[in-house]
Amino acid sequence: MLAALNVNKDDPLLQVYSSTQEKLDAVTAELQKEKNRSKALESEVEDLQGEFELDRLDYLETIRKQDQQLKLLGQILDKIQPIIRKDSNYYNIEKVKKDSIWNEDEGRWVLPEMSVSRTVLPNAHNGKFLPLVTPRYYQLYFRDWFKQ
């Protein structure tokens, strides 16, 4: 029991006082100490709330800027997508998104290699050379027709 009393020697309620005034002074001093401690803790809470508010505002600004960048890139993509060759694998943006893979180690997207598939159509005249028809050819061919 003595060990428990020795742990809190500074506790004014466990001390033996010679007068009531002395006890009152000790309790008042302890109260003042606790008030100061409470004020310090309240001040610390206010500081932390201020820091959190600044961080929150910074995060909101970052989100706004990222949203603006995302919209800009989307608008640029909408403008340039129609001029991408139709025989390119990048013509279908949704397929490119589907085929893209996020690389966690590098912190970036791995996009599919760009390719162009060239379709070779057979010659319409089975490889035979057709003479080039000129306006002079039409003049000679139709001259008799115009005389009628």
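The values are calculated or read from the model by the stated rules, or taken from the named source; none is laboratory data. Because the structure is a prediction, the values reported are computed rather than measured. Positions of Cβ are generated from backbone atoms using ideal geometry, with glycine treated the same way; all protein chains shown enter the neighbour counts.
Of the residues making up the range 77-97, those that are among the basic types (Lys, Arg), surrounded by 10 or more Cβ atoms within 10 Å (Cβ to Cβ) and in a helix (DSSP H, G or I) are Lys95, Lys97. Determine the pairs where a residue that is of a type in the set (Gly, Ala, Ser), located within the range 101-116, has a partner that is in a loop (DSSP other than H, G, I, E, B) with Cβ atoms under 7 Å apart, the partner being 6 or more residues away or on another chain. Correct list of pairs: Ser115/Asn89.
Just to be sure before I move on: is Asp78 modelled with pLDDT of 95 or more, out of contact with any Phe, Trp or Tyr (no Cβ under 8 Å at 6 or more places or on another chain), under 30 Å from Ile93 (Cα atoms) and not basic (Lys, Arg) in the structure I sent? Walk me through how you get there before you give the answer.
Working: modelled with pLDDT of 95 or more: no; out of contact with any Phe, Trp or Tyr (no Cβ under 8 Å at 6 or more places or on another chain): yes; under 30 Å from Ile93 (Cα atoms): yes; not basic (Lys, Arg): yes.
When the stated conditions are applied, Asp78 does not pass them.
Taken together, Leu121, Leu73 contain a single residue that is in a helix (DSSP H, G or I) and at pLDDT 65 or above, which is Leu73. Residues in the range 19-37 that are outside any helix (DSSP H, G or I) and surrounded by 11 or more Cβ atoms within 10 Å (Cβ to Cβ): 0 in all. Cβ-Cβ contacts under 8 Å between residues 6 or more apart (or on different chains), taken from a first residue in the range 89-100 that is in contact (Cβ under 8 Å) with a residue 24 or more places away in the chain and on the phi < 0 side of the Ramachandran plot to a second residue that is aliphatic (A, V, I, L, M) and in a helix (DSSP H, G or I), are listed as Asn89/Val96; Tyr90/Val96. In the range 128-135, the condition of being part of a loop (DSSP other than H, G, I, E, B), among the polar types (S, T, N, Q) and modelled with pLDDT of 65 or more is met by no residue.
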